[in-house]
Every structure is written in structure tokens, then in C-alpha cells.
Amino acid sequence: MTDPLAALAAAVEVLPDDTALRLRYAGLLVDAGRLTDAIAQAAAVLQREPGNADAQALVRRAADAAGGADAGGAGTGDTERSATPGSPTTAPSSPSTPVTPATPAADDGIDWHALERDIGVVTPPPFVTEQGTSDDDPVPIAELRRETTRLADVGGLDGVKRRIEESFLQPMAHPDIARAFGKTLRGGLLLYGPPGCGKTFIARAIAGELGAHFLSVSLNGVLDKYIGESEKNVHRVFEQARAAAPAVLFFDEMDAIGGKRSAGQWSSFRNVVNQLLVEMDGVDARNDGLYVLAATNHPWDVDAALKRPGRFDRMVFVGPPDDVAREAVLRVHLRERPIEGIDLGALVRRTRGFSGADLQHLVTTAAEKAMAESIRTGTVRPIRMTDVRDALHEVRPSIGPWVQAARNVAEFANTSGEYDDLAAWLRTEKPRG
Ligand SMILES: Nc1ncnc2c1ncn2[C@@H]1O[C@H](COP(=O)(O)OP(=O)(O)OP(=O)(O)O)[C@@H](O)[C@H]1O
Ligand SMILES: [Mg+2]
């Protein structure tokens with residue numbers, strides 16, 4: 001009795017991000033002759049994954065069927081790259097039949113306007129793509145404006161700093177010596193760790209060390225809703241970096257673009273991942289002097305292909321700030337505030353497991369308490385230990401959920417040893433979560 005279409009419709013409702021499911025549903029809709037619905041489903045996929053070939057094929061199949069072409073299936077149609085052969089999108093208001101004179105379009109019940117709107121992302125009109133797509137156009141690379149942070153400002157994290165020094169700061173400063181040791185400056189390093197623990201901060205410090213040789217890539221600048229544009233943008237970014245070589249190209253929040261296929265909505269960036277692979281591979285000398293740095297909270301969601309040799313083949317764990325780092329972070333945030341009798345050592349001890357962001361939140365909360373009382377009494381008073389103690393009741397370490405995920409990865413997905421750093425940290429620190 002169960003209608004498979006109804007069952008699939010319900011399933012799609014529950015799992016809206018499951019592309020395969022939605023495409024199966026769309027396929028059955030085409031078979032059932034419900035072409036508008038089928039196209040709507042395929043368009044929903046294309047909106048998220050403009051390059052999805054199965055969805056494109058489905059749209060073509062549905063459009064062919066709607067156009068009255070032999071829907072028998074012989075022509076799965078690889079002749080056209082765009083969704084419809086020429087006409088419906090170019091003459092939506094025309095009452096006359098656009099493609100096949102034998103079938104009146106109006107009878108198909110297809111809302112060509114809606115269709116055009118939905119699949120517009122797939123086939124950008126030429127007059128739009130013409131602007132701003134020349135290969136010479138620079139892609140917005142976020143300037144880390146005259147970064148004054150230096151590596152010395154990063155508290156603690158000595159191991160991480162050493163890796164960074166050895167892997168590219170020193171080779172960049174002494175290229176001749178590096179060459180004599182057969183070390184070419186190329187490859188990639190992936191910083192990973194819980195949120196708010198200094199990955200971006202470290203990148204800013206590297207920018208401070210390198211000046212114009214550090215290029216930070218803005219994700220929004222690279223990702224483009226038009227098919228093919230994001231890949232071109234990735235290429236342009238790499239070209240810009242090559243022109244500035246020796247240079248470090250930095251991708252922050254890498255999970256967003258390097259996501260593996262199964263990782264829900266990010267799978268739409270498959271083509272971007274592929275382009276990254278192409279750019280990073282460079283078998284010739286193109287990439288000499290180009291170092292790629294990336295940061296992510298979830299390295300396990302970064303496509304495995306991106307982690308193979310020659311790409312992001314080194315991973316460095318950036319854990320929660322150790323004692324020295326916590327003191328540095330607390331100092332920074334307390335420095336410009338009125339304080340009295342703050343026992344920094346006690347605070348450092350009380351904040352084990354706090355991320356940099358948690359520490360900042362803690363100081364802000366303590367400051368708010370002092371301020372609230374100042375307003376209440378009409379007398380301005382500095383931040384005292386009592387404020388911080390009160391704040392400690394409210395601000396808790398935020399990395400628990402991340403630790404849980406990390407523990408699973410270290411336990412069940414560390415067969416190749418890539419998470420040894422993380423596993424060691426979990427063993428010695430025994431973080432809560
Ligand atoms: N070792 C450190 N020394 C000094 N400040 C630090 C250190 N670690 C973190 N901080 C501070 O903590 C805050 C959060 O750090 P940051 O934004 O770099 O974290 P993140 O790892 O990039 O987080 P997310 O994963 O959320 O992007 C920053 O304001 C930074 O100043
Ligand atoms: Mg960050």
C-alpha cells in the first residue's frame with residue numbers, strides 16, 4: 001500500500017541534506033511524469049551543489065520529457081551543457097512553443113519562470129559572467145592589515161611555534177642555506193584543534209613576521225555561486241601567491257572548503273577541493289617558494305585527498321592554551337582595564353581547560369560585574385578577584401563537545417597515526433568532555 005513516492009517525499013523532508021536521497025526521489029518523479037516536481041528537487045540539489053552531474057542530468061531528462069522529445073530514454077542527452085536547449089530560459093514569456101512545435105509548452109504545467117529562477121545558478125547568463133571573470137582580475141585576498149602581532153606574542157605553545165619556525169619561517173629567511181640542505185619551500189601545513197585556541201591568532205602572528213609574503217584567503221571571496229567561478233577563483237588566488245613567492249597562503253576555517261563528500265552541505269564545494277588538489281600538486285617548479293597553511297577545527301572532515309603527501313601533509317595540533325599561554329591571554333585582556341589585587345597565578349590554575357576565547361569571555365564577564373557595581377554605587381572601582389571568582393561560576397570551558405568528537409577520532413580513526421599528537425594530548429591532559 002505504501003506509495004514509494006510518498007515515502008521518499010517524507011524521507012527527503014526528514015533528511016533535506018541527503019543529496020542521493022533527493023536525487024532518487026527526483027528520478028522517480030520524472031518516471032511518474034511529475035516533471036515540475038522533479039525539476040524542483042533537482043534544482044534544490046543544484047542550488048547547493050552547482051556541479052552535481054546527476055542533478056544536471058535529471059534536469060535535462062525532465063526538460064527533454066517536458067519538451068516532448070522521445071522520453072523513452074534513448075537520449076540521455078549529453079549534447080547540451082545547460083539545462084534546456086536554448087529556448088525556455090531565453091523566451092519565457094513567449095506563448096509559442098519554444099522547442100518542439102508538436103507539444104504546446106503550456107500543457108506541460110511547467111512554470112518556466114520558477115524553473116529559470118531555480119536553475120539560474122547553473123547557467124549564468126553570458127552578460128553577467130563577462131564582468132569580473134577575466135583571469136587577470138584579482139580575487140579578494142583578505143589583507144591582515146599591517147599585522148603587528150608577532151610570534152613572540154603567542155604565549156606558550158612552544159612546540160607549535162618551533163614547527164612553524166622550522167618549516168617555513170627559517171627557510172624563507174635563509175633560502176640559500178635551505179637550498180643547500182635540499183629543502184625547497186613548498187607544501188602545506190594544517191593547524192587543527194578545538195575552537196578558540198589560537199589557530200587564527202597564530203596565523204596573524206605569522207603574517208606579522210612575513211609582511212607582504214603572507215596572503216590570507218577569504219572564503220567568501222573565493223566561493224562563487226556560479227558554476228566554475230569558485231574553481232577559477234582558487235586558481236587566481238594561487239597565481240597571486242606564486243607571484244608573491246616566497247609566500248605563505250593561508251586558508252582559515254578549512255572545513256568549509258575542504259569538506260569531505262559526506263559532510264552534508266559542504267559537499268557542494270567538491271569542485272573547489274579538486275581545484276585545490278590541482279593547484280597544490282604542481283609537479284613542476286611552479287610551487288617552489290609557495291607554502292600553504294590552513295586551519296580547521298575538524299581535520300577529520302577535511303577530504304583525505306587533501307592530506308596526502310605534497311599537499312597538507314603535515315598536521316600540527318593546537319590545543320587549549322597551557323599555563324604560559326593562559327597567563328599571556330589573561331594579561332592581554334586585563335592589561336587595558338582597571339584592576340586591583342588580581343592574583344594571576346591563581347587565575348591561571350583555576351582556568352585549566354579554558355580556550356583563549358573562554359578566557360576572554362571570563363575577563364569581560366568580571367569587568368561587567370565591576371562596572372555594574374560601579375554604576376549601582378556611583379563610585380568607579382577596579383576589577384577585583386571577587387569579580388573574577390563570580391565570573392568563574394558563570395563561564396565554563398567550551399571545548400567539551402569538541403573533545404568528545406576528538407576522542408572518538410583518536411580512538412577509532414587514528415590507524416595511520418595522523419592524530420598521534422591529539423591522542424597524546426588526550427592521554428596526558430585528560431580533558432573533560
Ligand atoms: N597562545 C595564545 N597566546 C595569546 N593569545 C591567544 C593564544 N591562544 C589564543 N589566544 C587568544 O584567544 C582568542 C581566540 O583565538 P583564535 O581566534 O585564534 O582561535 P581559533 O583557534 O582560530 O578559533 P576558531 O577555531 O574558533 O577559529 C584570540 O583572541 C587570541 O588572542
Ligand atoms: Mg579561527
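Are any of the residues in the range 168-188 within 16 Å of ligand 2 (Cβ to nearest atom) and at pLDDT below 85? No, there is no match, as no residue in the range 168-188 is within 16 Å of ligand 2 (Cβ to nearest atom) and at pLDDT below 85. Does P397 qualify as being in a loop (DSSP other than H, G, I, E, B), under 30 Å from the mean Cα position of the chain (by Cα) and at pLDDT 90 or above? Yes; evaluated as a whole, the condition is true for this residue. Can you find even one residue in the range 397-410 that is surrounded by fewer than 18 Cβ atoms within 10 Å (Cβ to Cβ), out of contact with any helix residue (DSSP H, G or I) (no Cβ under 7 Å at 6 or more places or on another chain) and charged (D, E, K, R)? No, because not a single residue in the range 397-410 is surrounded by fewer than 18 Cβ atoms within 10 Å (Cβ to Cβ), out of contact with any helix residue (DSSP H, G or I) (no Cβ under 7 Å at 6 or more places or on another chain) and charged (D, E, K, R). Condition test on L58, is it modelled with pLDDT of 85 or more and either farther than 22 Å from R270 by Cβ or not assigned by TED's automatic domain parsing to the domain that holds E13 (or both)? No: the conditions fail for L58. Among residues of the range 288-304 being open to solvent by 10 Å² or more (accessible area, probe 1.4 Å) and assigned to a helix (DSSP H, G or I), the one that is farthest from ligand 2 (Cβ to nearest atom) is A304. Scanning the range 35-52 for residues that are open to solvent by 60 Å² or more (accessible area, probe 1.4 Å) and either free of Cβ contacts under 8 Å to residues at least 24 places away in the same chain or of a type in the set (G, A, S) (or both) turns up just one, D37. Go through (1) away from ligand 2 (no atom under 13 Å from the Cβ); (2) under 18 Å from the mean Cα position of the chain (by Cα); (3) open to solvent by less than 10 Å² (accessible area, probe 1.4 Å) one by one and return the number of the condition A241 breaks. Looking at each condition in turn, A241 falls short on (2). When each of G188, G211, G159, G221 is tested for being more than 15 Å from ligand 1 (Cβ to nearest atom), in a helix (DSSP H, G or I), small (G, A, S) and closer than 22 Å to N297 by Cβ, the lone residue that passes is G221.
In the range 301-317, the count of residues that are at pLDDT 90 or above and among the β-branched types (V, I, T) is one or more. Restricting attention to the range 64-92 and to residues that are in contact with a helix residue (DSSP H, G or I) (Cβ under 7 Å, 6 or more places away or on another chain) and of a type in the set (A, V, I, L, M), the residue that is modelled with the highest pLDDT turns out to be A65. Of the residues making up the range 325-361, those that are charged (D, E, K, R) and either surrounded by 19 or more Cβ atoms within 10 Å (Cβ to Cβ) or under 28 Å from the mean Cα position of the chain (by Cα) (or both) are R326, E327, D358.
Scanning the range 362-384 for residues that are open to solvent by less than 40 Å² (accessible area, probe 1.4 Å), more than 21 Å from D153 (Cα to Cα), among the aliphatic types (A, V, I, L, M) and in a helix (DSSP H, G or I) yields a total of 3. Condition test on Q275, is it modelled with pLDDT of 85 or more and more than 16 Å from ligand 2 (Cβ to nearest atom)? Yes, satisfied.
The values are calculated or read from the model by the stated rules, or taken from the named source; none is laboratory data. Computed from a prediction, not measured in an experiment: that's the story for all the values here. Don't worry about glycine lacking a Cβ; one is built from the backbone with ideal geometry, like all the others, and counts go over all protein chains shown. We work out accessible area using only protein heavy atoms, side chains counted, and drop any ligands, DNA or RNA first. Shrake-Rupley method; radii C 1.70, N 1.55, O 1.52, S 1.80 Å.
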